[in-house]
Amino acid sequence: MKKTFSISGMSCASCASRIEHALAGTPGVRRAVVNFPMEELAVEYDPLRIGPGQIEACVKGLGYGFRAGGDAGDESRTQRNWFLFSMAASLPIMAAMPWHGNPLADWASMLLATLVQFTAGLTFYRGSWYVLKSGGANMDVLVALGTSAAYFYSLLAFFGAFGSHGVNFFETSAMLITFIRLGKYLESRARGKAGEALKKLAGLQADKARLVTDGEEREVPASAVKAGDVVRIRPGETIPVDGVVVDGASSVDESLVTGESLPVDKAEGDGVIGAAINKTGVLTVRATRVGSEALLAQIVRMVREAQEDKAPIQRFADRISGIFVPIVISLALITFAAWYLVFHHDFLFAFRQAIAVVVIACPCAMGLATPTAVMVGSGVGLMRGILIKRGSVLENISRIQLLFLDKTGTITRGEPELTACIPAPGVTDAMLLEYLVAAESMSNHPLALAAVRAAESRNIEHGRVGDYRETEGSGISCTYRGQTLLAGNLRFIEESGVSTGLLREDGDRLSGEGKSLVYLAADGKIMGVAAFADLVKETSPAAIARLRELGIRVFMLTGDRAAAAAAIARQCGVDGFEAEVLPRRKEEVVREYQQKGFFVGMVGDGINDAPALARADVGIAIGSGADVARETGDMVLVRNDLMDVVRAITLGRATLARIKQNLFWAFFYNLLGIPIAAGVLYYPFGVTLRPEFAGLAMALSSVSVVVNSLLLKRIGRRL
């Protein structure tokens, strides 16, 4: 069983690591992942061994709280209010600095600093108590140490504990808390922007539905509609459920799912998606999927799961963050000892530099580097109709070296179309198509349906057909206009005693192109041959060419005949293909190339593709395909466009590059900031870093990482 909790009280990535580690050792918990930017905990557990209450108790024992999912938006306001309060109390302390030694100014500074320390700064003490009690350390410990050292030293100096040489600096602790609160506020705002795509999507669902019962309409909550119910949607209204149109016609804006700006025409029998906008006519829809089964709910769930998953590069950053705090405290002690004992500076100078080291080295930026980039990247993909199920997919897809493509429904449109009609001498094209459609009109075979569609598009009609008989897998016989018609494959026609010699050359040519042929005869004489083919999607050749430009080798796997596969391969320009492949063989081919050292992706849409999708390092499912393919794939392309594979790889590479930039600057910042805070520039340049400005620099480093991740949105405009 899986459940997601909203967590409060986390201050940095070390908090997330502590929660995950604690739950990982809890009996009954299979997996626990904390999404630090979204402040969510996803737990997979055995309900027979542990329940949600016990999970909550474990997390609360670590010092963290829970909040209702709808309260997440209050976090930014809370952080803003604490910052404004801290700033209002700290500014008078700063203003009083020139009057140090004046009793009134010193008393005012002490009282205001005490107020800030034990109100806005209380959360750091609370967090430190719980984390130290469990034998860990996090950012709260660093902030509590730094602010407490500055505050209590100043308090002792204020009351004369250090004699006439004791100098208080209450402004340090107060401004340090203020700047950290500023960083928290900016960080919470930026994190909110990073997750806004998901929030926007979740808010698109309709609140109300117009339920039709016994011919009468009544408005009910959308959540009350059940599968099988009939609802009516008027122009301008949001469609409340996934369903099938049973009456009416309209154009529907499905851009939220497909990314296409043009409305889609809908009529009786067509499917509609919940949260799409009905534009023109009145639609009556029978609900097929509601609630958590609806497409929009599934999309939201997939994106959330993508953000819960940890990319390999993030696990590395988490390990570093987990051990960073003890290292920082050790460096601070070394800094103090070096200045006070080795270089014989006064206590106050050494003390300030140690506090600055503690404050500037908080690993928040490292903890935010990966999850914020993954969050923004998955949001960008979502808006382009690319559903990313796991965050690690964005990293993995950037590593693909070899990509296998299914043919039918992936490279091609997935259904046959009439491509050529070759009439026998004395027979017109229109007559051939009329007689062909008459013979095929009562069949459900895909080629028959394609013939009917072609006739309808050309406004060709046919009369009544009699004595209809269909031989499974061979052909059809019937009477039409007083003649006996035969329609079927070459063997069926020839076994019926009809000579096809007049069309043999054309038939061989079309068959060599991989097309499926239907011969037509009337009263024992050949009338012509019709060729059908599953046509290549318009964007497939360009997409394959672009993939090859990206350095990816592209191969096609298909269960179709070799001739048809060869024709498609030539048309699309793939590096190679394998035809007449069974599902098990597709999976074997993927495994064989993985064993050769290739990082393999697979794109498919059918049940037969599911084993290969599961075996591949990255499985990419076509959205219009079978449910099992969509469930198995790591990524779903809603728009059924192979060019979206190119977009997904481009997005993955851009996301990974952004993560690497974030981690580089986070590490570089600490490598540069810690020595400066420790005072290495003091002797050559006389430069030191005051603790409060170290706090500001630390806060801004976290914000810069989030802002850098948000720049990924620019990639979305170019996809």
Practice problem: Specify which of the listed residues (E580, E592, E588) is more than 26 Å from R399 (Cβ to Cβ), of a type in the set (D, E), open to solvent by 50 Å² or more (accessible area, probe 1.4 Å) and not in a strand (DSSP E or B). | Solution: E580
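Let's see how each residue does on (1) at pLDDT 90 or above; (2) part of a loop (DSSP other than H, G, I, E, B):
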| residue | (1), (2) |
| --- | --- |
| G514 | no, yes |
| F532 | yes, no |
| A542 | yes, no |
| R548 | yes, no |
| G551 | yes, yes |
| A563 | no, no |
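Conditions (1) within 30 Å of R714 (Cα to Cα); (2) at pLDDT below 85, marked per residue:
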{"site": "V230", "(1), (2)": "no, no"}
{"site": "S250", "(1), (2)": "no, no"}
{"site": "V257", "(1), (2)": "yes, yes"}
{"site": "G274", "(1), (2)": "yes, no"}
Quiz item: Would you call R546 closer than 30 Å to L403 by Cα, touching a residue at least 12 places away in the same chain (Cβ under 8 Å) and either among the charged types (D, E, K, R) or open to solvent by 10 Å² or more (accessible area, probe 1.4 Å) (or both)?
Solution: yes
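Regarding P98, is this residue closer than 18 Å to M175 by Cβ, of a type outside the set (D, E, K, R), out of contact with any Leu (no Cβ under 9 Å at 6 or more places or on another chain) and not in a loop (DSSP other than H, G, I, E, B)?
yes
Quick grid of which residues meet (1) part of a strand (DSSP E or B); (2) modelled with pLDDT of 85 or more; (3) open to solvent by 10 Å² or more (accessible area, probe 1.4 Å):
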residue	(1), (2), (3)
I7	yes, yes, no
S14	no, no, no
M38	no, no, yes
V43	yes, yes, no
P47	no, yes, yes
M87	no, yes, yes
M94	no, no, yes
Quiz item: L671 passes all but one of (1) within 22 Å of F343 (Cβ to Cβ); (2) aliphatic (A, V, I, L, M); (3) open to solvent by 70 Å² or more (accessible area, probe 1.4 Å); which number fails?
Solution: (1)
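Yes/no matrix, rows are residues, columns are (1) aliphatic (A, V, I, L, M); (2) surrounded by fewer than 24 Cβ atoms within 10 Å (Cβ to Cβ); (3) within 30 Å of A487 (Cβ to Cβ); (4) touching a strand residue (DSSP E or B) at 6+ places or on another chain (Cβ under 9 Å):
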{"residue": "V342", "(1), (2), (3), (4)": "yes, yes, no, no"}
{"residue": "A350", "(1), (2), (3), (4)": "yes, yes, no, no"}
{"residue": "I386", "(1), (2), (3), (4)": "yes, no, no, yes"}
{"residue": "R390", "(1), (2), (3), (4)": "no, yes, no, yes"}
Exercise. Take segment 428-451 and flag every residue that is farther than 16 Å from K515 by Cβ, under 49 Å from the mean Cα position of the chain (by Cα) and open to solvent by 40 Å² or more (accessible area, probe 1.4 Å).
Key: S441, M442, N444, L449
Quiz prompt | Which listed residue, of I50, I55, is farther than 30 Å from L156 by Cβ, hydrophobic (A, V, I, L, M, F, W, C) and free of Cβ contacts under 8 Å to residues at least 40 places away in the same chain | solution = I50
Practice problem: Assess whether A521 counts as being without any contact (Cβ under 8 Å) to a residue 60 or more places away in the chain, in a strand (DSSP E or B) and either open to solvent by less than 20 Å² (accessible area, probe 1.4 Å) or of a type in the set (S, T, N, Q) (or both). | Solution: yes
Exercise. Go through the residues of segment 617-629 one by one and say whether even a single one is open to solvent by less than 40 Å² (accessible area, probe 1.4 Å), part of a helix (DSSP H, G or I), over 30 Å from A361 (Cβ atoms) and modelled with pLDDT of 80 or more.
Key: no
Exercise. Could you please find all residues in segment 130-159 being among the polar types (S, T, N, Q), at pLDDT 75 or above and either crowded, with 19+ Cβ neighbours inside 10 Å or not in a helix (DSSP H, G or I) (or both)?
Key: T147, S154
Self-check item: Qualifying position, being at pLDDT 85 or above, open to solvent by less than 20 Å² (accessible area, probe 1.4 Å), in contact with a strand residue (DSSP E or B) (Cβ under 7 Å, 6 or more places away or on another chain) and assigned to a helix (DSSP H, G or I), among A677, A648
Solution: A648
Quiz prompt | Search result, residues across segment 478-506 that are among the small types (G, A, S) and touching a residue at least 24 places away in the same chain (Cβ under 8 Å) | solution = A487, G488, S496, G497, S499
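The values are calculated or read from the model by the stated rules, or taken from the named source; none is laboratory data. Keep in mind the model is a prediction, meaning the values are calculated, not measured. We place every Cβ from the backbone using ideal geometry, glycine too, and count neighbours over all the protein chains shown. Only protein heavy atoms, including side chains, enter the accessible area calculation; ligands, DNA and RNA are left aside. Shrake-Rupley method; radii C 1.70, N 1.55, O 1.52, S 1.80 Å.
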